[in-house]
Amino acid sequence: MDTSTAQRARDTAPVAHSPAIADAIARHIAGLRFESLSAGALAAAKRLMLDTLVVAWAGSDAPGSSDVKALLDEQGGRAESSIWGYGGRLPAPAATFLNGMFAAALDYDGINTVHADIVTLPAALALSERGHASGRSFITAFVIGSDLCCRLGAATVPPHKGWFNSSIFGVFGAAATGAKLLGLDAGATRHALGIALSQAAGTQQA
């Protein structure tokens, strides 16, 4: 089978009904429990957390980092979640954005089909701090968000054509992480993923 024929076969092959896929993903996110996580998954999560935090602390001193922090400080808001490398607190969404930027600033973030950790860890820590989540709840949310993000990236064929997977799939990882920490049921989680879909974007800068 030549390349063009193979491509046509992929383009015309039947696919699973997308609402059914979304429902299955939402049920999995809502139903996952800490006790079901393997020792390997927990060890990998802890390693990724440590790596991301160290890289983010270094990135907090990268050019432009202090300028973005100053802008968010000026905007103000409720002091909910810590700013890595600086101290002080910002509203959880602002802290998530800023800490994620720090983690990506030096381009040493974790490698997979996506850089899941720079998206899911800032969201997990910011929401956990705001909501006083337990360590187990935090770990579970971080794992489920990172897993979804990486699986979506791995399922993409071809991997990308000018698109930045960490932006496109990262929103789903962050949504899954947030849904888990907020205790959303499967229906609400599905809506969260739908909102994430409307914000999925990002080109690969040459």
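The values are calculated or read from the model by the stated rules, or taken from the named source; none is laboratory data. Predicted model only: the values in this text are computed from it and were never measured. Cβ sites come from the backbone with ideal geometry, for glycine too, and all protein chains shown count toward neighbours.
If the condition is being surrounded by 24 or more Cβ atoms within 10 Å (Cβ to Cβ) and of a type in the set (A, V, I, L, M), then region 79-117 contributes Leu90, Ala95, Leu98, Ala103, Val114, Ala116. Take the conditions free of Cβ contacts under 8 Å to residues at least 12 places away in the same chain and assigned to a loop (DSSP other than H, G, I, E, B) and apply them to Gly87. Does it pass? Spelling it out, Gly87 is indeed free of Cβ contacts under 8 Å to residues at least 12 places away in the same chain and assigned to a loop (DSSP other than H, G, I, E, B).
One residue alone among Gly183, Gly173, Gly178, Gly110 is in a loop (DSSP other than H, G, I, E, B) and touching a Leu at 6+ places or on another chain (Cβ under 7 Å), and that residue is Gly110. Among the residues of region 51-64, those identified as assigned to a loop (DSSP other than H, G, I, E, B), surrounded by 11 or more Cβ atoms within 10 Å (Cβ to Cβ) and in contact (Cβ under 8 Å) with a residue 40 or more places away in the chain are Ser60, Ala62. One residue stands out in region 1-50 among those that are among the basic types (Lys, Arg) and at pLDDT 65 or above: the one that is surrounded by the most Cβ atoms within 10 Å (Cβ to Cβ), namely Arg27.
Of all residues in region 118-132, exactly one satisfies the criterion of being surrounded by fewer than 23 Cβ atoms within 10 Å (Cβ to Cβ) and either part of a loop (DSSP other than H, G, I, E, B) or within 13 Å of the chain's Cα centre (by Cα) (or both), namely His132. Residues that are without any contact (Cβ under 8 Å) to a residue 60 or more places away in the chain and surrounded by 14 or more Cβ atoms within 10 Å (Cβ to Cβ) within region 167-187 comprise Ser167, Ile168, Phe169, Gly170, Val171, Phe172, Gly173, Ala175, Thr177, Gly178, Leu181, Leu182, listed in sequence order.
When the criteria are applied in full, Asp67 meets the requirement of being exposed (fewer than 12 other Cβ atoms within 10 Å of the Cβ), at pLDDT 95 or above, on the phi < 0 side of the Ramachandran plot and over 23 Å from the mean Cα position of the chain (by Cα).
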